[in-house]
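A.B. asks: Would you mind keeping the following structure in view while I ask a few things?
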């Protein structure tokens, strides 16, 4: 880099105007003084490289990283120590229950907005909750219960302002597909419900624990691409499950993969079936979808889309009641148990033989539910310009589910569709969730009898109408354009969920995501560098075709992040091939290029291990035996430290340089 | 980097002598011309960055990498096409059977060396083979068989000149510990032997297949550190197994972990036991170890160490025969079946219910055997200054074992101890292996009856004497000094083998090795950079304490190789914390530092995925909302391409720079 200040070194071939102008200027003025100075400076600089302080030890790095993770909290606590006890208590309480903070500024204007938004999401929530409970193979009232207690708990603990809490489609599917492998809900619904509630408790405990231990990053292990693929696959699987309700099929499969479901649908056509279910369901599906279309075109009519599910339920129930269509083969919801959420402490079953599996399901459900909730919360928070602390959200959702599991609720989380409606309806605070919960509570108390004649096909069409929002084709296309391997992970999640099962799809996608990290980090890539004219930069000659290779010197940059056991041999062999190729390349043009110096730019190397150092040592030996020399340029801190510890630097007589340019400059000296 | 040529930009604070001297010189001569030129050049350079040709697509990279892997062979084949058919045939044959090549230059001088070396290793090989067969729970003759056919096959196919082929301790332990879980060798020795031979066939097929498919890198997946740990653990486990022979214990455990074995030894002391075995074994162990000590001190007496095991066998056998000690409780070898290797085609059992497990064991054994052989071969090849092609070695060892499995041999590979003796005895070619094989063959034919009275304690002490060479404490210490995480993998292999089982130790070590790659690649590290005085370099201010942070600019370098789903959120949050910290840091000193520009040096980033780009976008948004700007410096080729594909570059109005210095230079303009 400081090459241009060292006229003594290698001014053979760099035909740059700037360099020469500068060179002459220097020479004509105070050249002698400068000539020596750079040499001194260069020595000083190689001292800097070689005598850098030791990097923090592994233990120090680890403790630092733990400290950084918890410092946030410690910092906040320490700022409280100067305050009087009541203020400290209030402050801690406000941190745990943000409602204590924002309730003080609450006023009638805000309440009017929240009331409207709360009623709107309640109208969407009631039919969706019943539908999702059916999807989870639970009785309809459990869906309604889950729309009462969780929103109330979240309202006092949560820090988002828009999230609408309650049962969601993907989590319902996940629970039913995993728990029904343990107990068949058709043959023993009580035991199945007990397992679902126990799963909910486990999920809540896991979520709260992740938040308290600040393991929020676990949610990130499901990458954006994987979520896009998984949601798309899950939406199609959920849609396929709705065919049961839409066609009024009595003998359906318990499996979720597309092949089993289509086979079950195909088989059902051989039995006598009643087309009224289908006609009723699909006509209301068309109604809901067209109101949504209108709502999208005219933003002011968005409420039409929001209440159309409720309208469908009311109208279809009235139709069935008036025509007594249930006697002509239309399936109806029948009895929905009304009343307040009963306690479900006695339903939690820790003596089940499946307790390990239940805990595992709880973990998977916890992660998926958190991923959805954090994603929904963050995207709306960033629209309103505030930041959502992932770890705090986890604690809120976790306690929501722990308390939910004690009050007959299954896993609740932030619903994408209802949060969007809440936002569009102009909610101001979480009071809209309280309004929604109270509305659902009133319905549970007084209106469940009215749901007796509601046709199940309507519930199916309400769920179906919510699915297109989960399939994000444009995002998938964007992922394809930007990163093919990311798309592969998304495709694995999508097809895994579709053709195998929800867990296999997720597992496959996570394995692909992490394999990708390994492959990218260790693939044994190298590139030859040349000097960019007019600069002291050395860049890939393929990326910058104007770059010029200096004579007699081969400059190679490692493209991997690690030189380790898994790629060291490969890299060493490839470097030797480059050397052989460079020396023979110009043979055809009859001008053999002789390499005296091989410079290895290791700036990309984040770390090196003992196998990597051994490979460098062998490379050095081989080059020396061929009368060539090896120099290493731009090593990072840890790499310098390790090369020093392994005594490699003394073996290669200190040819370690701050930059490639300095390494090239050393050629004439060596 | 070209900062110093742009006097218009940011000459506020860099108090460098060189800079000012230079600056004045420029100004006094042709400043006007230069002032414009750099600007033009800088524009041209940002064009270079933004308009770089597209990097090779994923498919292209993949096909290139496949092509590179097989090009070696294609190149060789294409050079043959101009030759006549007989020459082509000879050339191909010579490639498959290197003996055709080197046999032409073979002469009597070389033969004399090889004869001496061959007889020396034969004397070591006979007692070792019997001992290792006992370790593998096979009849003694199988060890001798394995020292006949495999060396002959390897002699015509192999390309090493020093390797001594035959049974080795670690592979024998591995086979016995894994196969005896399927069938107990004590209750059904024939079925057990059949499984071992079938395992040998599978191992051979896997080895040959790896070589043919050029999957030689698979061997690298067991890193040097893991091998050191594994060998150390295996040596101790093998040593513990020898306690049975040394103490003459009749009721021993089938398990290999240290706790079970020590328990078995402890229990055996409660039964009456005969100390003569121990006295005999340990006195000859002392004899062998002292000859080795002498051999190490005086290089000329190395043959004493080499033949001391054979001397021990002869002397102890004579002692037992003369004193009839076998009637007083000394355990003896008894009948060893003599004669040539019988065919074992009928012993290969593919109808066993354990066929899948046998294939799995074959795979593990194949890898361990290859790792040992390639490591041994390479280390001696590099001493003699030639290179060993890993893939070719795999094919040779593979065919050696395939043919071995048909002729009553179990898995053979390059033995470290015998190869060292072979090298020290001055072998010239693989003829020493042929001499050894013929010597063993003659012993099998005529001398097996003489082994009847050989005490088993002597075999145990011969194996014990070979173990210290497998425990490499100094190498373990070196690994600890250089790389703590590598040492962790080694320790996992060591303690896994010692306390659990051979497979668990290996599995643990491989999992740790790969987790290490993931952790290093994604750990969310960032470092603040400052300008090194006298240069245009920007370096970590902790590594180079003399570096100066430019005013109003925060320069951060990502230390991870990937900005991806697993660390993007973390990195984004940490950058925001850095910004907040920098702005508050000087608060105590009453001089608030205001950051206008955050420069992200992404030179370490090998790749980025959609989550990473999303994190950058959010970072950009947040900074803009705080009145700050984000600039990205030194992106690599693929990162530029992806940022372009995701349209991020246009969103941040092209603030993408070739170097940090140029990004700092842009501050005054922005």
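A.B. asks: Just to confirm my filter: which helices (runs of 4 or more DSSP H) fall fully inside the stretch A:77-154 and include at least 3 residues that are within 30 Å of residue A:462 (Cα to Cα) and out of contact with any helix residue (DSSP H, G or I) (no Cβ under 6 Å at 6 or more places or on another chain)?
C.D. replies: Helices (runs of 4 or more DSSP H) meeting the threshold: A:108-135, A:140-146.
A.B. asks: Restricting attention to the stretch A:167-175, does a residue exist that is surrounded by 19 or more Cβ atoms within 10 Å (Cβ to Cβ) and in contact with a strand residue (DSSP E or B) (Cβ under 8 Å, 6 or more places away or on another chain)?
C.D. replies: yes
A.B. asks: Pull up the stretch A:593-602, narrow it to residues that are part of a loop (DSSP other than H, G, I, E, B) and crowded, with 19+ Cβ neighbours inside 10 Å, then point me to the one that is modelled with the highest pLDDT. Even if it seems obvious, please write down each step before you answer.
C.D. replies: Let us first name the residues in the stretch A:593-602 that are part of a loop (DSSP other than H, G, I, E, B), namely A:593-596, A:602.
Adding the requirement that they be crowded, with 19+ Cβ neighbours inside 10 Å leaves A:595, A:602.
Numbers: A:595: 86, A:602: 89.
Checked the stretch A:593-602; the qualifying residue modelled with the highest pLDDT is A:602.
A.B. asks: Restricting to the stretch A:539-564, count the residues that are modelled with pLDDT of 85 or more, within 36 Å of the chain's Cα centre (by Cα) and buried (at least 23 other Cβ atoms within 10 Å of the Cβ).
C.D. replies: 5
A.B. asks: Every residue in the stretch A:325-355 that is closer than 15 Å to residue A:277 by Cβ and not in a helix (DSSP H, G or I), please.
C.D. replies: Scanning the stretch A:325-355 gives A:329, A:330, A:331, A:332, A:333, A:334.
A.B. asks: Let me ask something additional. With B:265, B:315 as the choices, which residue is assigned to a helix (DSSP H, G or I), assigned by TED's automatic domain parsing to the domain that holds residue B:498 and surrounded by 15 or more Cβ atoms within 10 Å (Cβ to Cβ)? Explain how you work it out, then say what you get.
C.D. replies: Details: B:315 fails: surrounded by 15 or more Cβ atoms within 10 Å (Cβ to Cβ).
Just a single option satisfies the conditions, and that option is B:265.
A.B. asks: Further, regarding this structure: Please go through the stretch B:608-633 and pick out each residue that is crowded, with 23+ Cβ neighbours inside 10 Å and in a strand (DSSP E or B).
C.D. replies: B:608, B:631, B:632, B:633
A.B. asks: Residue by residue through the stretch B:226-251, note down the ones that are buried (at least 19 other Cβ atoms within 10 Å of the Cβ) and not in a helix (DSSP H, G or I).
C.D. replies: B:248, B:249
A.B. asks: Do you know which of the residues in the stretch B:635-666 that are in a loop (DSSP other than H, G, I, E, B), modelled with pLDDT of 85 or more and surrounded by 18 or more Cβ atoms within 10 Å (Cβ to Cβ) is nearest to the other protein chains (Cβ to nearest Cβ)? Can you show your working first?
C.D. replies: Narrowing the stretch B:635-666 to residues in a loop (DSSP other than H, G, I, E, B): B:635-636, B:646-647, B:652-655, B:658-659.
Subset that is modelled with pLDDT of 85 or more: B:635, B:646-647.
Narrowing further to those that are surrounded by 18 or more Cβ atoms within 10 Å (Cβ to Cβ): B:635, B:646.
Details: B:635: 11, B:646: 5 Å.
Restricting to residues being in a loop (DSSP other than H, G, I, E, B), modelled with pLDDT of 85 or more and surrounded by 18 or more Cβ atoms within 10 Å (Cβ to Cβ), the top hit is B:646.
Listed here are the residues, each with its yes/no results for (1) touching a strand residue (DSSP E or B) at 6+ places or on another chain (Cβ under 6 Å); (2) over 20 Å from residue A:486 (Cα atoms); (3) at the interface with chain A (Cβ under 9 Å from one of its Cβ atoms).
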residue: B:596; (1), (2), (3): no, yes, no
residue: B:601; (1), (2), (3): yes, yes, no
residue: B:607; (1), (2), (3): yes, no, yes
residue: B:621; (1), (2), (3): no, yes, yes
residue: B:627; (1), (2), (3): no, yes, no
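A.B. asks: Inspect all residues belonging to the stretch B:461-481 and state whether any of them is at the interface with another protein chain (Cβ under 9 Å from one of its Cβ atoms) and closer than 22 Å to residue A:518 by Cβ.
C.D. replies: Yes, the stretch B:461-481 contains a residue that is at the interface with another protein chain (Cβ under 9 Å from one of its Cβ atoms) and closer than 22 Å to residue A:518 by Cβ.
A.B. asks: Going through the stretch B:183-225 one residue at a time, which ones are in a loop (DSSP other than H, G, I, E, B) and either within 14 Å of chain A (Cβ to nearest Cβ) or under 29 Å from residue B:495 (Cβ atoms) (or both)?
C.D. replies: Within the stretch B:183-225, B:183, B:184, B:185, B:186, B:214, B:215, B:216, B:221, B:222, B:223 qualify.
A.B. asks: Given the conditions (1) under 24 Å from residue B:173 (Cβ atoms); (2) at pLDDT 85 or above, and given that residue B:380 satisfies all but one, which numbered condition is not satisfied?
C.D. replies: (2)
A.B. asks: Among the strands (runs of 3 or more DSSP E) contained in the stretch A:503-568, which hold 2 or more residues that are within 11 Å of chain B (Cβ to nearest Cβ), under 25 Å from residue A:638 (Cα atoms) and touching a residue at least 40 places away in the same chain (Cβ under 8 Å)?
C.D. replies: Correct list: A:553-558.
The values are calculated or read from the model by the stated rules, or taken from the named source; none is laboratory data. This is a predicted model, so every value here is computed, not measured. Don't worry about glycine lacking a Cβ; one is built from the backbone with ideal geometry, like all the others, and counts go over all protein chains shown.
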